[in-house]
Each structure stands twice: as C-alpha cells, then as structure tokens.
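Beneath this line is the structure, given in structure tokens, with notes to follow.
What follows draws every value from the coordinates through simple rules; no lab data is involved. Predicted model only: the values in this text are computed from it and were never measured. Methodologically, a virtual Cβ is constructed for each residue, glycine included, from the backbone with ideal geometry; neighbour enumeration extends over all protein chains shown.
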Amino acid sequence: MSRTRFFDEAGAAVADVADGSTVLVGGFGMAGMPVALIDALIDQGATDLTVVSNNAGNGDTGVAALLAEGRVRKMVCSFPRQHDSWVFDGLYREGKVELELVPQGNLAERMRAAGAGIGAFFCPTGVGTPLAEGKETREIDGRTYVLEHPIRGDVALIGAHRADRMGNLVYRKTARNFGPVMATAATTVVAQVGEVVEVGGLDPEAVVTPSIYVDRVVTV
Amino acid sequence: MSRTRFFDEAGAAVADVADGSTVLVGGFGMAGMPVALIDALIDQGATDLTVVSNNAGNGDTGVAALLAEGRVRKMVCSFPRQHDSWVFDGLYREGKVELELVPQGNLAERMRAAGAGIGAFFCPTGVGTPLAEGKETREIDGRTYVLEHPIRGDVALIGAHRADRMGNLVYRKTARNFGPVMATAATTVVAQVGEVVEVGGLDPEAVVTPSIYVDRVVTV
Amino acid sequence: MSPSRPLTKQKMAALVARDIPDGAFVNLGIGQPTSVADHLAPGTGVVLHTENGMLNMGPAAAVGEEDPDLTNAGKQPVTELPGASYFHHADSFAMMRGGHLDVCVLGAFQVSATGDLANWHTGAPDAIPAVGGAMDLAIGARSVFVMMTLFAKDGSPKLVPECTYPLTGVGCVDVVYTDLATFDLTPDGVVVRETFGITPAELAGRLDVLRS
Amino acid sequence: MSPSRPLTKQKMAALVARDIPDGAFVNLGIGQPTSVADHLAPGTGVVLHTENGMLNMGPAAAVGEEDPDLTNAGKQPVTELPGASYFHHADSFAMMRGGHLDVCVLGAFQVSATGDLANWHTGAPDAIPAVGGAMDLAIGARSVFVMMTLFAKDGSPKLVPECTYPLTGVGCVDVVYTDLATFDLTPDGVVVRETFGITPAELAGRLDVLRS
C-alpha cells in the first residue's frame with residue numbers, strides 16, 4: 001500500500017541512476033555511510049556524476065572506489081582532505097575531478113533549502129573568505145550575509161538504522177548526520193537500513209524521517 | 001549544574017518580562033498552549049507587548065485575556081479570526097491592536113531563520129498576494145520568490161510534555177507544533193511541562209528541543 | 001454521460017476522493033475538503049497530512065475519546081493511524097512548501113481561468129483577515145484541487161476570467177470540482193471534464209471562462 | 001606573576017578549560033582544542049557539542065568499546081553522557097550559526113589583531129583545501145577562543161596585524177591562548193592578559209600587533 005518500495009538487495013534500488021546525475025551521499029566519515037548502496041552504484045555503472053557528501057572518500061572503498069573508477073565529474077563537500085583520502089587527493093592534483101568546497105553548515109542548509117522550497121538565503125558563514133568570493137552579499141541589521149542557493153539531488157543514498165513498512169526512518173546516534181536533510185532534497189531517496197519493522201513498530205514521536213521522503217528501502 | 005532553571009510556579013519564571021517585549025507564544029488552538037505562563041504574564045503586568053502566535057486568542061482566557069487587558073500593542077499571527085476570537089475581533093475593529101498577518105509557514109520559517117542565524121530568505125509563499133505587497137521579490141530558476149526576514153522574540157512561552165533535569169524537552173502529538181521553533185528564536189525561553197524527569201529519563205534519540213534552547217522550566 | 005442533477009456535497013467529495021492516486025500524500029483543507037477523507041476507500045494507502053505537524057492522521061476522534069493534544073488544522077480532535085509521525089511547524093511547512101505533498105484539496109471564493117486562487121479574504125473593509133496555511137498549501141502541493149459551488153448565492157460564477165477577491169496564490173489550481181461540473185485548468189485554457197445536471201452548452205452560456 | 005617558562009600543550013588546555021564558564025555549551029575543534037575536555041572539572045555542568053549532531057558528548061570511547069555510530073567531529077569514537085541529545089546536520093549547524101553555543105575553541109594558522117581567523121587553508125598551490133565546520137563555528141559561537149603556538153616554526157608570529165593566509169572568519173576571535181601569552185582582542189586593540197616565560201617587554205619586541 002505504501003508508496004515506498006522495499007528491496008532485499010541494493011542493485012535493484014539504484015538500477016535507474018542515470019549518467020550525469022547529482023547524487024547526495026549521506027554519512028560523516030563512516031558513520032551513516034550507505035556503503036551497500038555505493039557499492040551497488042559502482043556495479044551499476046552510472047558515470048559523469050556529481051557527488052555531494054561531507055567527505056570525499058576514505059581508503060579505497062565506497063566513494064573513494066567510485067572516484068577511482070573515474071565516475072565522478074565533481075565533488076561538492078566540506079572536508080575532502082583526510083589522512084586516508086588518497087584517491088581524491090590524487091585525482092584532484094591531476095585535475096581529473098572538480099571540487100566545490102562548501103562550509104559544512106552551508107552544505108547542510110543548502111540541501112535543507114532545496115527540501116523546504118526556499119529559493120535562496122542570506123547566510124553569515126564564509127563572509128570575507130575565499131569561499132564567498134563572487135557571491136552576492138548584503139548587510140542586514142548591521143551584519144553582512146552572503147546569498148546561498150539550494151543544492152538538489154537527483155538521487156540521495158543514505159544510511160539509517162530502522163525503517164517501518166510505511167517507509168518511516170530512525171537513525172542511531174551520530175550516524176543521523178546528513179541523512180534526514182538529504183532525504184528531503186532529492187527526487188529519489190534510497191535508504192539502506194539494518195532492519196525493517198512492521199507498521200506501528202516505530203514510536204511516532206521519535207520518527208526522524210517521515211515516510212513521505214523515502215522512496216526505496218534496502219535491508220542490508 | 002545545568003544552566004536551565006526549574007520553577008514550581010509560573011510567576012517567578014516570567015517575573016522579568018519587560019514592557020515592550022516581543023513574546024512568542026506556542027500552541028495551535030489550545031494544543032501546546034502554555035496557559036499557566038500566559039496567566040502568569042497577565043498577573044505580572046508587562047504591557048505594550050508584541051505577541052507572536054498562530055492565533056489571536058480563544059474565548060476569554062490566555063492570549064484573549066492578555067488582549068482584553070490592553071497589554072498587547074501588536075499581534076503577529078496567521079489566523080486571528082476564529083469562532084471564539086471575539087476579544088481580538090473587537091479590539092481590531094476599534095483600532096486598538098495592530099495586526100501583522102503572516103502565512104502560517106512563513107511564521108514558522110521566519111522564526112526558524114532567527115534561530116538558525118539566517119539573515120533573510122527567498123520564499124515562494126504569498127507571491128502575488130496582498131501579504132507580499134511592498135516586499136522585495138526575485139526570480140530564481142524561473143520561479144518568483146519574496147524576501148522574508150527573521151522574527152525574533154525577547155521571550156518565548158511554550159508548552160511541552162516532559163523535561164529532564166538538563167532542560168531537554170519532548171512534546172506530545174500535535175501539541176509539538178510551534179514550540180520547538182520558538183525555543184530557538186527567543187533570548188529567554190520558558191517552557192511549561194507536565195512533568196520533570198531525572199537526567200537520563202528521556203531517550204536521546206527522541207529529544208525534540210535540546211537543553212541548549214531552554215532557559216526556564218515550570219512544572220504545572 | 002452526465003448525471004441528470006447537480007452533485008450533492010457528499011458526491012462531490014466522493015468524486016475528489018476517486019481522483020486521489022493510491023499511496024498519495026494528501027492535505028485536506030479546513031471545511032468541506034475535510035469530508036473527502038470519508039470517501040477514501042480503505043487499502044488505497046493514501047496518507048493524510050495535517051499542517052499542525054502530523055502524517056497519517058486518522059478519522060475524527062469518537063465522542064469521549066478526544067485528546068486535546070491531537071487535533072487537525074481545524075482544531076478538531078482526530079486520531080492517529082499506525083505508522084504516523086509527528087514533526088514541528090517549520091518541518092511541516094517545509095514539507096508543504098518543498099513540494100512533497102502530492103495533492104491538496106482546498107475550498108475557494110473564486111478561481112481564475114489561469115488557476116489563480118482566492119480563498120482567504122473577501123476584502124470587505126470590516127472583515128478580519130485570516131490566512132492560516134492556505135497560501136503555503138496553494139503554492140506547495142504538486143496538485144491543487146479546489147472544491148466549491150460553481151455559482152455564488154447571488155448567481156455570479158466563482159470560476160472567473162480574473163479573481164476580484166484578494167489572491168491566495170497565482171496559477172496554482174489544477175482541477176476545480178463543483179456541484180455542476182469538473183474543470184481542468186490547462187495551459188490551453190479551461191477544459192470541462194464532466195457536467196452534472198447541466199448541459200455543456202448551458203454551462204458555456206453561464207461562464208465567461210468558457211466563451212473566450 | 002607569570003610562570004617562568006612557556007606553557008606546555010597540557011597547561012594551555014588547562015588554562016582554556018579554566019576560562020569556560022560553568023554550564024556553558026561548548027564546541028571543541030579538531031586537534032589540540034579537543035584536549036581541553038580533559039581539563040574540565042567534573043560538576044561544572046559544561047555541555048560539549050559536536051558538529052556531527054550531538055549535545056552532551058562524553059569522553060573518548062575505551063578501547064574495545066568503540067561504537068562506529070558514535071563519533072566526534074574528528075571521526076574518533078566517543079561516548080554519550082546522560083542527558084545527551086542527537087539531531088541532524090542542518091539542526092546542528094543552525095545551533096552553531098544561530099549563536100546558541102557559548103564558546104568554541106579552535107586552532108589557528110594566524111589570527112589578526114582585529115580578530116580575523118585563518119585556520120583552514122595555507123593557500124599553497126598544491127594544498128587540497130578542506131574547511132569542514134570551521135567557518136560556521138568561527139562566526140557562530142558567542143565567544144571564540146583560539147589555541148596555538150605564538151610563533152611558527154620559522155619564527156614568524158602567528159598573531160599578526162593582518163592575516164596572509166586565506167580567512168576562516170572576519171573579526172570573530174575573542175581570546176588567543178598561546179604557549180607564551182594569552183591575549184584579549186578588544187575593540188581597543190590587543191591586550192596581553194598574561195605571559196609565560198617571556199616578559200611583556202620581550203613580547204612587545206617580537207610582535208608587531210603590540211607596537212602599533
């Protein structure tokens with residue numbers, strides 16, 4: 001009955017991701033990272049992707065593996081440089097991947113704006129820094145703000161803790177991070193979860209992502 | 001230890017509300033309405049108030065009683081006219097209270113902006129209607145938006161279900177409504193709750209208003 | 001084949017309910033639109049949203065079982081269905097404004113041929129204006145259905161070339177359900193989908209929007 | 001009375017911890033600022049925020065008790081204290097940007113006399129820039145404390161008349177804690193609060209910001 005569709009394996013849930021898509025990828029480091037969905041996307045073959053995620057891959061798996069296969073045209077992230085981001089670092093130095101560096105809060109708020117129907121917003125973060133260069137600024141009540149625009153995804157791949165059969169999601173501890181925001185900002189939202197419970201199995205007061213935002217759920 | 005202060009009666013919690021204050025009042029109809037705090041504010045005597053609330057009082061109690069005492073200079077709300085809003089209706093027709101009518105979602109989003117440090121935002125709601133008259137508009141990606149500014153409170157009076165001794169809050173069903181947003185948007189936030197539980201008595205995954213936003217808690 | 005008489009309010013609500021897709025997320029406005037819920041067949045998976053912060057709202061609460069903390073947008077006591085969720089007002093209106101609701105159903109004073117909606121204010125000098133969530137719904141839902149009588153008590157049409165009442169939203173209405181006919185508002189103009197107790201020719205004779 | 005030798009990293013962290021008011025909501029940046037937590041006396045009621053969505057974060061997780069779903073901003077496994085709460089990234093940064101944190105403690109490459117902060121990018125052509133939440137914290141917290149050595153390895157001061165590295169935020173730093181001195185950045189200029197293993201006169205001789 002629910003509009004949300006449930007899958008036993010990740011491949012079918014990402015089968016229709018098109019070349020050139022903007023893909024929002026949840027997680028902060030490995031917490032909340034939808035590893036199974038990214039692996040499935042690697043197998044699936046879509047290329048020329050724009051990937052929006054806080055980091056630019058760790059080690060040789062997940063987003064790093066997607067990058068290593070040359071499938072990412074552009075990364076939009078706040079913190080690409082990490083001790084284990086050698087795949088991104090190499091591609092970036094060779095000029096083989098574009099980078100849009102966004103302050104972490106602006107990354108979150110720009111996706112929230114996309115999900116909330118906000119056309120643009122005046123933000124105090126980054127004013128006077130290179131990351132605001134070329135952007136419109138305005139003084140409001142004595143403070144300077146820079147105009148920031150929404151970031152929308154064609155697809156969001158997120159990790160959650162549990163879903164119910166309606167498609168409602170709950171997360172676990174700091175693995176919540178970008179998942180709830182990305183779920184509002186993409187045309188198609190795919191969540192990997194540890195467990196699917198029956199309708200009524202989640203506390204309505206504690207649902208974090210309501211079913212309206214969730215198109216597909218994969219149990220891993 | 002917590003910065004949040006706990007009170008057994010409402011009077012002490014609103015004792016310092018100054019004349020001329022902007023007071024955010026939670027609730028949607030009577031659900032989530034902080035009746036004890038409004039009653040205490042009536043007793044306290046502050047006047048020349050701007051009250052921001054979804055409605056403009058029901059019957060002869062609460063916000064209606066505050067209005068009846070001539071203590072409200074201006075109402076900022078989305079839906080003043082109700083079957084039992086005779087107090088506001090009379091004062092408005094006599095020109096004794098100013099009204100800023102705001103679409104309900106803009107009311108919520110403008111307070112969210114205040115709490116989130118957003119200077120202003122382009123919003124599609126109300127474009128081409130009398131409620132957007134005189135406001136700046138802009139076309140973004142083919143759609144017209146109107147620029148909306150934050151609404152900040154000096155004080156927020158909200159109703160919640162339970163607090164813990166840190167000041168974390170949970171709500172109950174649709175009584176949640178404006179409380180969580182108003183708690184982020186005011187200098188001093190006063191919550192009336194049905195019960196205070198020990199620290200650790202609320203599920204950290206289900207806390208709706210984190211303690212950082214809550215200055216005073218009154219058990220009623 | 002058009003029925004031989006105008007639709008009752010209940011039949012109009014049933015007609016709207018029939019056009020709501022299975023599994024849709026739907027907001028029903030205050031007043032007559034609320035009655036659409038009574039006609040949604042069980043098992044369609046339609047999920048009702050209420051602007052005051054809930055998905056999967058259930059029917060009105062039975063007498064004696066009202067919960068003051070659980071109401072709909074009209075402040076009437078309602079119930080919770082399994083799989084419900086609660087959220088605060090900024091999140092609820094982000095859901096509306098962000099285009100996540102499939103359908104909303106609203107009442108109207110007037111609708112224009114190009115889909116402008118007027119339903120919040122008569123503009124009368126002594127009227128106390130109240131807008132609530134109408135403007136947010138009008139521009140937010142993917143499809144906006146209007147339910148109204150086709151003619152006002154004074155006989156003037158409510159589907160008009162241009163609204164004379166203050167607007168709620170511009171170019172936002174998709175389908176207009178009335179007692180006498182259902183209209184699709186398309187980029188090519190007003191299309192009569194069905195008539196009830198009136199012939200298309202009679203209808204055209206009484207509506208400027210069909211004569212242009 | 002100034003101690004006779006420069007502060008160790010641990011002593012600098014203790015000094016910062018001492019200046020954090022009881023009950024404050026505090027964000028400790030990645031790296032050296034994280035060590036301030038070790039010096040917060042029990043019972044002060046200080047609540048730690050981590051940008052990845054948590055209030056009342058506890059100390060690092062013990063070996064063998066790490067939870068991959070519970071990390072700090074540096075992606076290190078941490079713990080949860082009673083009274084904690086979790087929230088998503090947009091809410092976490094709304095809390096930061098909205099001015100709700102009392103104090104944040106950050107490292108720096110350079111700080112200017114007027115409180116400009118440079119801590120995210122050396123500007124070197126082959127450097128890969130990474131900003132994380134630094135810009136949001138810099139402009140968001142009510143008080144911004146910086147911890148750094150006063151001089152770079154090449155002997156050049158890091159408290160400077162004007163930053164040469166790309167900025168993180170403009171006019172945002174309130175107090176600078178270094179191994180050799182603590183500085184208040186006031187509207188009237190840089191004020192030396194305390195020196196460690198160096199005399200105020202020696203300090204003035206080595207810092208342009210004290211000679212203007």
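General observations
- Computed FRET value (nearest 0.05) for A:Ala12 with A:Asp154, which takes r as the C-beta separation and R₀ as 22 Å: 0.80
- Residue-wise HN-Hα couplings along the stretch D:120-132, as the Karplus relation 6.51 cos²θ - 1.76 cosθ + 1.60 with θ = phi - 60° gives them from phi, are 10, 7, 7, x, 4, x, 9, 6, 9, x, 8, 10, x Hz; Gly and Pro carry x.
- Placed amide H near C:Phe25: partners under 5 Å, 5+ positions off or other chain: C:Val47, C:Asp102, C:Val103
- Label 7 Å beyond Cα on the Cβ vector: D:Gly155 copy-to-copy distances, nm: 10.1
- Computed from backbone phi, the HN-Hα couplings of the stretch B:169-177 come to 10, 10, 10, 10, 6, 7, 6, 5, 4 Hz, rounded to whole numbers (Karplus: 6.51 cos²θ - 1.76 cosθ + 1.60, θ = phi - 60°; Gly and Pro given as x).
- Three-way shape call for the stretch A:1-124 based on the alpha-carbon gyration tensor, with the a/c threshold at 1.5: oblate
- For chain A, the relative contact order comes to 24 percent (Cα pairs under 8 Å, sequence separation of at least 6).
- For the pair the stretch A:204-220 and the stretch B:164-199, the centres of their Cα atoms are 25 angstrom apart.
- Magnitude of the charge dipole, the stretch D:105-207, Cβ model with Lys/Arg +1 and Asp/Glu -1, debye to 20: 100
- Check: the protein assembly as shown dipole with +1 on Lys, Arg Cβ and -1 on Asp, Glu Cβ, in debye: 580
- Farthest toward the positive end of the dipole of the protein assembly as shown, out of B:Phe121, B:Thr22, C:Ala84, is the Cα of B:Phe121, where the dipole comes from beta carbon charges about the Cα centre.
- Under-5 Å amide H pairs with A:Phe28, H placed in peptide plane, nonlocal only: A:Met33
- Calculated mean residue ellipticity, 222 nm, chain A: -6000 deg cm²/dmol, from DSSP H runs (n ≥ 4) at -39500 (n - 2.57) each, averaged per residue and rounded to 500.
- Shape of chain B from the C-alpha gyration tensor: oblate (a/c of 1.5 or more and a/b not above b/c, with a ≥ b ≥ c the square roots of its eigenvalues).
- Stretch in chain C that is longest and holds no trypsin sites (Lys or Arg not before Pro) that DSSP places in a loop and that have at most 11 other beta carbons within 10 Å: C:1-152
- Position B:Lys74, label points 7 Å along Cα→Cβ, spacing to each other copy in nm (shortest first, one decimal): 4.2
- Here the simple spin-label model places points 7 Å from the Cα toward Cβ, and for C:Gln76 and D:Ala41 these points are separated by 6.1 nm.
- Burial ordering of A:Phe28, A:Phe7, fewest other beta-carbon atoms within 10 Å first: A:Phe7, A:Phe28
- Only Lys, Arg, Asp and Glu carry charge here, each on its Cβ (+1 for the first two, -1 for the last two); on that basis the stretch C:9-210 has a dipole of about 300 debye about its Cα centre.
- Close amide H partners of A:Ala120, meaning residues 5 or more places away or on another chain with modelled amide H under 5 Å apart, are B:Phe122.
- Here the relative contact order of chain D, from alpha carbon pairs under 8 Å that lie six or more residues apart, stands at 21 percent.
- For the stretch D:9-210, with +1 on Lys and Arg beta carbons and -1 on Asp and Glu, the positive-most of D:Val191, D:Val176, D:Gly23 along the dipole: D:Val191
- Beta bridges assigned by DSSP with both partners in the protein assembly as shown are antiparallel in approximately 40 percent of cases.
- Among beta bridges identified by DSSP and lying wholly in the stretch D:9-210, the antiparallel ones come to about 55 percent.
- With a simple spin-label model that places each label point 7 Å from the Cα along the Cα-to-Cβ direction, the separation between B:Thr144 and B:Thr47 comes to 4.4 nm.
- Shielding by partners for peptide A:96-108, expressed as the average number of C-beta atoms from other protein chains within 10 Å of each residue's C-beta, is 6.
- Take each residue in A:178-190, count the other chain C-beta atoms within 10 Å of its C-beta, and the mean is 2.
- For peptide B:24-33, the mean count of partner chain Cβ atoms within 10 Å of a residue's Cβ comes to 4.
- Candidates per GluC sites (Glu not before Pro) in the stretch B:118-220, loop by DSSP, up to 15 other Cβ within 10 Å: B:Glu133, B:Glu136, B:Glu198
- In the protein assembly as shown, taking the dipole from charged Cβ atoms about the Cα centre, the farthest positive-side position among B:Tyr213, D:Leu40, D:Ser143 is held by D:Ser143.
- With its label point defined 7 Å out from Cα along the Cα-to-Cβ axis, B:Pro130 lies at 5.3 nm from the matching points of the other copies, in increasing order.
- DSSP beta bridges in the stretch A:70-220 [antiparallel fraction, %, rounded to 5]: 35
- DSSP-assigned coil residues among GluC sites (Glu not before Pro) in the stretch B:64-114, each with at most 15 further Cβ atoms within 10 Å: B:Glu69, B:Glu94
- With Cα atoms defining each centre, the stretch D:119-192 and the stretch D:48-110 are spaced 22 Å apart in the structure.
- Cα gyration tensor category, rounded, prolate or oblate, for the stretch C:93-176 with a/c compared to 1.5: oblate
- Karplus (6.51, -1.76, 1.60) ³J(HN,Hα), θ = phi - 60°, over the stretch D:181-188, in Hz, Gly and Pro reported as x: 6, 10, 10, 9, 9, 10, x, 8
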